[in-house]
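Report on the following structure.
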Amino acid sequence: MEHRLSAARVRFLATFDRKFQRAFATIPTRLRMTQTKLTRSKILAIAAVVVLVVGGGVLADYWSARPVDAVATFVGRSSCLDCHQDQAEKFAHSHHDLAMDIATDQTVLGDFDDVTFEHDGLTNRMFRNGEKFMVHTEGPDGRMQDFQVKYVFGVDPLQQYMVEFDRTPDMKPGEIGRLQVLRISWDVHGKKWFYLRPPDVSDKLEPSDPLHWTGIAQRWQTMCADCHSTNLKTNFNVATNRYHTTYSEIDVSCEACHGPGSMHVELANAKSLFWDRHHGYGLAKLKGDDIEPQLQTCAPCHSRRGLIDPMFTAGRLFTDHYNLELLNPDTYYPDGQIKDEVYVYGSFTQSKMYHKGIRCTDCHDPHSLQLKHPGNETCTSCHQHSAGKYDVPSHHHHAPGTPGSMCVDCHMPHRTYMDVDPRRDHSLRIPRPDLSVKLGTPNACSGCHVNDQMNMVEQETRAKLNDYQSWLDAAENGNESVQAAITTTDQWCDDACAKWYGADRKTPYHFAEAIAAFRRGEADAVQRMLSLVSMPEDAAPGIARATALAELGQHNVSDTIQLAATILKDQDEPTIVRAAAVGVFAIATPNATKRALLPMLDDPIRLIRNEAARVLVSSGAYQELNPSEKTRVDLSLRSVHDALMAASDRAGAHMAWAMLCEQQGRASEAIEAYETAMRLEPMTTGPRTNLASLLDRIAEEQRQQGQTATAMKSLARAQALRDEELPFLKRDALLAPDNADVQYRYGLALYLHGDETEALAQLEKAVELQPEVELFQTAVRLLKEKLAQ
């Protein structure tokens, strides 16, 4: 009997490869005993023979699969090495491989040979105690003590060191207690110790300061851990204020990027000809036409973001687990250039490269993390066009081999963080000196040429101007001569570009023009921001449109509400824009909020659902809902609670939950959450003031019910809480003299404490800093009227 494959069957076999990513194109991987590379036609021929021999057995083999909801577990890199030796060799000694390690002779780079290092009047000593690495430095109680360095953090260009606290006898060997990161760090290239100061802090940190190395701002679990280890579980116990942190691997290993590997290993070792029709290779699919799976796998650790759900693994949706930070004034310039450390992803989403389908591995080897090509070849490997179009003086107008001839120096200027760590801006922008002249934003041209104006700066300042960043910081801090030098440089660079390009020079509209105008309070700025929100994605990136929406909402611009409602109805809008649109309804009427946000409780994206539930409650709309609608919100708030408790070691998480509980009328739960916040971070501001206000309202209810004695107790405790809070608010006001909100809160606290004259002066500071805020103006007016009486 003659056996022939029908055309339909041939097409059927081919779909295995295309649709399920495994089938016959993967047979050479399965048949590892042969090293021959098979063509696709040969693979299909082999497949045909297999079908002829075993008939329906092949289909049965293919059809058998793991359940759709099967969950893979972490197995460790040792399970990967046999089959992936090339990748393992590249990964070895990469920054991911060395992201964190136990302190040993092999991993510690710093000099612990009984050396001293001084800062802020403290003489610190780094030494050895047998095999232990020790640091003699100031402890949490202010005394100089010896501490053992248990872990190293990072490898280049600096290495940091960590000390374990709160380890209890019942902790298992694989568990870690509270880890604190020393500010005394090792400069790998300079081969010297240095003290890593917090930005804008020049004086000595007191042991009680959260920024002190023993404070919460230097705690590994809260600031660093989830991006430097694989499968990290913080395991914070709120009741005991203790950590029992675990990880499957101490560094950023294979499964941090590819997802848990147990299913992949099982499939690879199975006798089947096929991978799995439901789960493919059993790993996250990071290749393919869609760039998002790869980008969203890298994004959690390479972005500045809020945490929604800590259970992210490769292949999952970024916005189900994280909330990307917008272009806030403290972190980005108005045109989206990096200011504070933002970790790449937010910048990259602004770029033309992102919108053209470029992904991380087009430039970086995913395992070694090195650039795929040296120098300008990284860029010209794609930007080939006509010969010599870009990598020549006619394009960059600089001598070959000089910094100005390097693509990255013009299109990816760097900014230095942690004193010694230069990071490049991944927005891949064209330098715009014209925007610098118009808006005061930085530009790569001035970054190099500002030093030409050093003679404009007073002598005592010159030594502090080490790079462009230091010029920008000095100008922002009010140095007029430095600002004049920058302004002169910007104009010189703008004139040079006009001369180079003449009538062909392109200066297209940039979203910075609207954002900068709005922040300056210019007359037509609101309409310009509303226009920015409505722009298509190819004209303004989602992160810029979302920023415009959020800032319009924060300034109570009512025209934003209808625009936000329209955006929410369009599922094709970027999630970051839709999430910002949800936030706008904090200023809407309860009915408008209800109409717009109740449907969002069923949105497929967790970020949207959570934001909708949060705003429905925090805006006051919750009180206008019927019982059925309230039940829907209550169910959604479980996810909001889980998102907040992902950071349950921070007072802010409990305070945020307490505020939501207040809006729902759950006073006892709110009190408990405020008290937890105070217990976890006794010196933080906010929980006491909020709890005092809640107790005032409770006292009024108790008085109306005839419970006079109980009401007096509530009022007494409220006043005691305000008295406790006052010195912390004063501390914050001194530390943040340019923050209007902080000055306002301190002013209110002084008023409630009875210091009305001092309160007025403080409230006037808030008005001076932000005169457009009506709430500040009203507080000053009312207090002046009272004082006049």
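To keep it simple, each residue is scored yes or no on (1) in a loop (DSSP other than H, G, I, E, B); (2) under 24 Å from the mean Cα position of the chain (by Cα); (3) not basic (K, R).
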residue	(1), (2), (3)
C382	yes, no, yes
Y390	yes, no, yes
H395	no, no, yes
P400	yes, no, yes
H426	yes, yes, yes
R429	yes, yes, no
K438	no, no, no
H449	no, no, yes
E460	no, no, yes
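Of the residues V584, V577, which single one is touching a Gly at 6+ places or on another chain (Cβ under 6 Å), more than 22 Å from A539 (Cα to Cα) and modelled with pLDDT of 95 or more?
Values: V577 fails: more than 22 Å from A539 (Cα to Cα).
Among V584, V577, only V584 is touching a Gly at 6+ places or on another chain (Cβ under 6 Å), more than 22 Å from A539 (Cα to Cα) and modelled with pLDDT of 95 or more.
When both residues are 6+ apart or on different chains and their Cβ atoms are under 7 Å apart, which pairs have a first residue that lies in segment 118-145 and is closer than 15 Å to F165 by Cα, and a second that is among the acidic types (D, E) and open to solvent by 80 Å² or more (accessible area, probe 1.4 Å)?
Taking only residues 6 or more apart or on different chains, the pairs are M134/D146.
Looking at segment 309-321, I want the residues that are under 15 Å from H641 (Cα atoms) and have a partner that is among the β-branched types (V, I, T) with Cβ atoms under 9 Å, at least 6 apart or on another chain. Which pairs are those?
Sorted first by the residue in segment 309-321, then by its partner, the pairs are P310/T234; D320/I308; D320/I605; H321/I308.
Does segment 663-671 contain any residue that is over 21 Å from P627 (Cβ atoms), at pLDDT 95 or above and surrounded by fewer than 17 Cβ atoms within 10 Å (Cβ to Cβ)?
No - not one qualifying residue is present in segment 663-671.
Given the conditions (1) open to solvent by less than 40 Å² (accessible area, probe 1.4 Å); (2) on the phi > 0 side of the Ramachandran plot, and given that G754 satisfies all but one, which numbered condition is not satisfied?
Answer for G754: the failing condition is (1).
Among the residues of segment 525-537, is there at least one that is more than 22 Å from I605 (Cβ to Cβ), modelled with pLDDT under 95 and surrounded by fewer than 18 Cβ atoms within 10 Å (Cβ to Cβ)?
Checking segment 525-537: not a single residue is more than 22 Å from I605 (Cβ to Cβ), modelled with pLDDT under 95 and surrounded by fewer than 18 Cβ atoms within 10 Å (Cβ to Cβ).
What pairs can you find where one residue is in segment 558-577 and among the acidic types (D, E), the other is open to solvent by 30 Å² or more (accessible area, probe 1.4 Å) and assigned to a helix (DSSP H, G or I), and their Cβ atoms are less than 9 Å apart, with a gap of 6+ or different chains?
Cβ pairs passing all conditions: D559/V526; D559/Q527.
Which residue out of Q87, Q35, Q106, Q21 is open to solvent by 50 Å² or more (accessible area, probe 1.4 Å), under 30 Å from L232 (Cβ atoms) and at pLDDT below 75?
On the way: Q87 fails: at pLDDT below 75; Q35 fails: under 30 Å from L232 (Cβ atoms); Q106 fails: at pLDDT below 75.
Testing whether each residue is open to solvent by 50 Å² or more (accessible area, probe 1.4 Å), under 30 Å from L232 (Cβ atoms) and at pLDDT below 75 leaves just Q21.
When you look at V115, is it surrounded by 13 or more Cβ atoms within 10 Å (Cβ to Cβ), in contact with a strand residue (DSSP E or B) (Cβ under 9 Å, 6 or more places away or on another chain) and of a type outside the set (F, W, Y), yes or no? Write out each step before concluding.
On the way: surrounded by 13 or more Cβ atoms within 10 Å (Cβ to Cβ): yes; in contact with a strand residue (DSSP E or B) (Cβ under 9 Å, 6 or more places away or on another chain): yes; of a type outside the set (F, W, Y): yes.
In short, yes.
Identify all residues within segment 451-482 that are open to solvent by 80 Å² or more (accessible area, probe 1.4 Å), in contact with a helix residue (DSSP H, G or I) (Cβ under 8 Å, 6 or more places away or on another chain) and under 25 Å from Y332 (Cβ atoms); write none if there are none. Outline the logic, then answer.
Quick first cut of segment 451-482, residues open to solvent by 80 Å² or more (accessible area, probe 1.4 Å) only: 452, 455, 459-460, 463-464, 466, 476-477, 480.
Going one step further and asking which of them are in contact with a helix residue (DSSP H, G or I) (Cβ under 8 Å, 6 or more places away or on another chain), we end up with 452, 464.
The one that is open to solvent by 80 Å² or more (accessible area, probe 1.4 Å), in contact with a helix residue (DSSP H, G or I) (Cβ under 8 Å, 6 or more places away or on another chain) and under 25 Å from Y332 (Cβ atoms): K464.
Just to be sure I understand, how many residues within segment 480-534 are assigned to a loop (DSSP other than H, G, I, E, B) and either charged (D, E, K, R) or touching a residue at least 60 places away in the same chain (Cβ under 8 Å) (or both)?
Kept after step one, since they are assigned to a loop (DSSP other than H, G, I, E, B), are these residues of segment 480-534: 505-511, 521-524, 534.
Now restrict to residues that are either charged (D, E, K, R) or touching a residue at least 60 places away in the same chain (Cβ under 8 Å) (or both): 505-507, 510-511, 521-522, 524.
Residues in segment 480-534 being assigned to a loop (DSSP other than H, G, I, E, B) and either charged (D, E, K, R) or touching a residue at least 60 places away in the same chain (Cβ under 8 Å) (or both): 8 in total.
Inspect all residues belonging to segment 349-369 and state whether any of them is outside any loop (DSSP other than H, G, I, E, B), of a type in the set (F, W, Y) and touching a strand residue (DSSP E or B) at 6+ places or on another chain (Cβ under 8 Å). First the steps, then the outcome.
Step one: filter segment 349-369 for residues outside any loop (DSSP other than H, G, I, E, B), giving 352-355, 360-362, 364.
When the remaining residues are screened for being of a type in the set (F, W, Y), the result is 354.
If we keep only those that are touching a strand residue (DSSP E or B) at 6+ places or on another chain (Cβ under 8 Å) as well, we get none.
Within segment 349-369 (the criterion being outside any loop (DSSP other than H, G, I, E, B), of a type in the set (F, W, Y) and touching a strand residue (DSSP E or B) at 6+ places or on another chain (Cβ under 8 Å)), the answer is no, since none of the residues qualifies.
Evaluate segment 324-334: report whether one residue or more is in contact (Cβ under 8 Å) with a residue 60 or more places away in the chain and closer than 21 Å to L286 by Cβ. Explain how you work it out, then say what you get.
The first filter runs over segment 324-334 and keeps only residues in contact (Cβ under 8 Å) with a residue 60 or more places away in the chain, leaving 324, 326-329, 333-334.
If we keep only those that are closer than 21 Å to L286 by Cβ as well, we get 324.
Scanning segment 324-334 turns up at least one residue that is in contact (Cβ under 8 Å) with a residue 60 or more places away in the chain and closer than 21 Å to L286 by Cβ.
Anything in segment 314-333 that is open to solvent by less than 20 Å² (accessible area, probe 1.4 Å) and either at pLDDT below 95 or part of a helix (DSSP H, G or I) (or both)? List them, or say none.
Result: F318, single match.
Taking the condition of being out of contact with any His (no Cβ under 9 Å at 6 or more places or on another chain), outside any loop (DSSP other than H, G, I, E, B) and free of Cβ contacts under 8 Å to residues at least 40 places away in the same chain, how many residues in segment 226-279 meet it?
Of the residues in segment 226-279, 2 are out of contact with any His (no Cβ under 9 Å at 6 or more places or on another chain), outside any loop (DSSP other than H, G, I, E, B) and free of Cβ contacts under 8 Å to residues at least 40 places away in the same chain.
The values are calculated or read from the model by the stated rules, or taken from the named source; none is laboratory data. Bear in mind the structure is a predicted one, so any value in this text is a computation, not a measurement. Glycine gets a Cβ as well: all are built from the backbone with ideal geometry, and neighbour counts include every protein chain shown. SASA here: full protein model, heavy atoms, side chains in, ligands and nucleic acids out. Shrake-Rupley method; radii C 1.70, N 1.55, O 1.52, S 1.80 Å.
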